[in-house]
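Some notes on the structure that comes next.
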Amino acid sequence: MTGVPLAYIFRNLWVRKLTTALTAGGMALVVFVFAAVLMLAAGLEKTLVETGVDDNVVVIRRSAETEIQSTVDREQASLVAARPEIATARDGSPLASKETVVLVVLPKRGSENPSNVTIRGLSSTGIALRDQVRIVEGRMFRPGTSEVVAGSRIAEGFKGAGLGESITIAGKTWTVVGVFDAGGSGFASELWGDTDQMMQAFRRTAFSSVIFRLAPGTDYARLRKVLEDDQRLTVEVHRETAFYAKQSELMSSFLSVLGSILSTIFSIGAIIGAMITMYAAVANRTAEIGTLRALGFRRVNILVAFLVEALLLSLVGGLAGLGLASLLQFYTVSTMNWQTFAELSFAFSMNARVVMQSLAFALFMGLAGGFLPAVRAARLDIVDALRSV
Amino acid sequence: MAVAEPPIVEIVGLAKSYRRGDQVVPVLQDINLSMTRGEFVALMGPSGSGKSTLLNLIAGIDTPDRGRLAIEGVDITGLSEGELARWRAEHVGFIFQFYNLMPVLSAFENVELPLLLTRLDRRRRREHVQLVLELVGLADRADHYPSQLSGGQQQRVAIARALVSDPTIIVADEPTGDLDRQSAREILDLMESLNERLAKTIIMVTHDHLAAERAHVVRHLDKGVLTDRIERPRARATG
């Protein structure tokens, strides 16, 4: 047995275009906020996950969590870099990079507001380890000079960080000789220069981290245990992908919680809006409901018809909200990552999970708003309903 | 003489009352009525006499307090709500005073509604709908919406809807109550021809004497009691 025809449900929404548009519009705004926050969290995650390369391993001081907080002294760094499990370059040298990572304060372009920027000192091996990084303007810095290259986000966003400009850090002037693209990764929010120059300028005697490429066929878990159990070392070992993904956890979970709370509050308004619309629909169509029941349609047919109507209404709202939110993908956010305290740029990112969650949220609002009116419609007495012509 | 046919509607000792606050208001008291197949009965009476309630009971959209109400030998007072809905879909065609068409559905779709509750496939449904629309003279208006039709035409669509599932009885509540004289006459002609040519059993509530004149039997209700019975010779009587 089929129920009330879909054409009846659909055209009733179409007939009252203005009410439908207003109600769906309210829902669209809520879905927009909901999707926007999810997209922000997804974008942050994506950026940090893409920063890592799966075969790369990051070694930092035990319980340091980030490279900024880490110090690995020269002796320990050399011990790590000498491991036989490290892949070698064509010339036979190990693909291991001892790096210095420092936070510096730079003024933003336009507003002049100071913000933390990560500056990384690395060797040519370190550059080779980052496959996703390529120079788009100018050239790479030369070892042993006070030249730096800037990630594209830094070059755009910070004063003196553009190609040919110069910045003064630690009492020394550094010339920006190149801008690099980092394929959407977190490196786009870094400045890179020569390790030895950096260590001198910042008066460092120790490195921050050692990054190396695993030799093919290496048992990562075993190597990790060997390094972490080594009495001469006080280090922890991470796969680069996991290391960066973990940096997004705090902020993305904060964003998700914030988004959920905001959306919940907003959704109450949208649900009430849908409820009023649907109650009005039931009241206006009481005689039609009575007629359908007289013709032999059951209470459950009526219940389903009005629920489907509310769900369709919310689907329209949900799709409109998502359409609006998808425009955010053209927008890049720059903010401080609380885990590293450094400026990080990332884009709103819409993925299948965001779409599904947003639509599910919209449909939930439709169901919540439509349920009571649908029950009222289904419970109408036939004779009373017919009399309401 | 032919052997008397078993009654298609058989009502014995039917009673119905409404509760208004603490008071129980009797609407129908001890109604006895029987109709044979192909009969056309008009129920008349002043407002509040209970004629609409009696019609609703026969149509299975209201339930009596006591009494027997059998249609084709089936006592519908014992049916559950779900069974009653299915029974209505199969056995009752409704004609309302205000046509009660779905404004968002075309004439065709309105007529098709009762068939959605049957097992007929799309093609068969289309055939049935076209047949009844031709019968009421609106085959060329199938795609029109109710707002594009006159009152008389809307009532024809409603009559087509009442006919499409070939029900046992057709109940009509003031079918001409909202129509001008000319349209009313056309609707009554249509109902009369359905009764005479298709042998449809019709029970109609009306205030209109012109309407009642078309029926074979006119029953009067007063204060919930059936009073007199007036018969009119059947037009197609063979003599």
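The values are calculated or read from the model by the stated rules, or taken from the named source; none is laboratory data. Keep in mind that this is a model prediction, so the values were computed, not measured. Note: ideal-geometry Cβ built from the backbone for every residue, glycine included; neighbour counts use all protein chains shown. Accessible surface is based on the protein model in full, side chains and every heavy atom, while ligands, DNA and RNA are left aside. Shrake-Rupley method; radii C 1.70, N 1.55, O 1.52, S 1.80 Å.
Annotations
- Residue within segment A:274-283 that is farther than 20 Å from A:Gly26 by Cα and touching a strand residue (DSSP E or B) at 6+ places or on another chain (Cβ under 8 Å) present: no
- Qualifying residue in segment A:238-259 (condition: within 14 Å of chain B (Cβ to nearest Cβ) and touching a residue at least 60 places away in the same chain (Cβ under 8 Å)): no
- Among the residues of segment B:160-211, those identified as open to solvent by less than 40 Å² (accessible area, probe 1.4 Å) and among the basic types (Lys, Arg) are B:Arg161, B:Lys200.
- Close contacts from segment A:270-293, counting a first residue that is facing another protein chain (nearest Cβ under 9 Å) and a second that is outside any helix (DSSP H, G or I) and crowded, with 16+ Cβ neighbours inside 10 Å, with Cβ to Cβ under 6 Å and a gap of 6+ residues or different chains, come to A:Glu288/B:Met102; A:Thr291/B:Asn100.
- Among residues of segment A:38-74, those that are over 9 Å from the mean Cα position of the chain (by Cα) and in contact (Cβ under 8 Å) with a residue 40 or more places away in the chain, counted: 25
- Selection of first residues in segment B:21-42 that are under 10 Å from B:His216 (Cβ atoms) and of second residues that are open to solvent by 80 Å² or more (accessible area, probe 1.4 Å) and of a type in the set (Asp, Glu), restricted to Cβ pairs under 6 Å at least 6 apart or on distinct chains, gives the following pairs, ordered by first then second residue: B:Thr36/B:Glu5.
- Counting only residues that are at pLDDT below 90 and buried (at least 18 other Cβ atoms within 10 Å of the Cβ), segment A:163-180 holds 1 of them.
- Close pairs from segment A:84-103: first free of Cβ contacts under 8 Å to residues at least 40 places away in the same chain, partner assigned to a loop (DSSP other than H, G, I, E, B), Cβ under 7 Å, at least 6 apart: A:Ala89/A:Leu95
- Subset of segment B:62-74 (residues that are closer than 13 Å to B:Glu10 by Cβ and either hydrophobic (A, V, I, L, M, F, W, C) or in contact with a Lys or Arg (Cβ under 6 Å, 6 or more places away or on another chain) (or both)): B:Leu69, B:Ala70, B:Ile71, B:Val74
- Just so you know, in segment A:37-90 the residues that are more than 20 Å from A:Ser208 (Cα to Cα) and among the small types (Gly, Ala, Ser) include one that is most open to solvent (accessible area, probe 1.4 Å), and it is A:Ala89.
- Scanning segment B:2-52 for residues that are at positive phi and in contact with a strand residue (DSSP E or B) (Cβ under 9 Å, 6 or more places away or on another chain) yields B:Gly13, B:Asp30, B:Gly38, B:Gly45, B:Gly48, B:Gly50.
- Of the residues making up segment B:91-111, just one is facing chain A (nearest Cβ under 8 Å) and assigned to a helix (DSSP H, G or I), namely B:Glu109.
- Unmet requirement for B:Thr63, which otherwise passes all of (1) part of a loop (DSSP other than H, G, I, E, B); (2) closer than 25 Å to B:Val157 by Cα: (2)
- Test: A:Phe10 is part of a helix (DSSP H, G or I), of a type outside the set (S, T, N, Q) and closer than 30 Å to A:Gly296 by Cβ: yes
- Looking only at segment A:256-312, and only at residues there that are among the charged types (D, E, K, R) and assigned to a helix (DSSP H, G or I), the one that is surrounded by the fewest Cβ atoms within 10 Å (Cβ to Cβ): A:Arg299
- Matching residues in segment A:364-389 - criterion: being at the interface with chain B (Cβ under 10 Å from one of its Cβ atoms) and not in a helix (DSSP H, G or I): A:Asp381, A:Val389
- A count restricted to segment B:139-172 and to residues that are aliphatic (A, V, I, L, M), over 21 Å from B:Met204 (Cβ atoms) and in contact (Cβ under 8 Å) with a residue 12 or more places away in the chain stands at 2.
- Within segment B:53-96, the residues that satisfy the criterion of being in contact (Cβ under 8 Å) with a residue 60 or more places away in the chain, buried (at least 19 other Cβ atoms within 10 Å of the Cβ), small (Gly, Ala, Ser) and touching a strand residue (DSSP E or B) at 6+ places or on another chain (Cβ under 9 Å) are B:Ala59, B:Gly93.
- A:Val31 of a type in the set (Val, Ile, Thr), within 14 Å of another protein chain (Cβ to nearest Cβ) and closer than 30 Å to A:Leu324 by Cβ: no
- Condition met for A:Arg213 (of a type outside the set (Phe, Trp, Tyr) and crowded, with 21+ Cβ neighbours inside 10 Å): yes
- Given (1) within 18 Å of the chain's Cα centre (by Cα); (2) farther than 24 Å from A:Ile9 by Cα; (3) in a helix (DSSP H, G or I), number of the condition B:Arg86 does not satisfy: (2)
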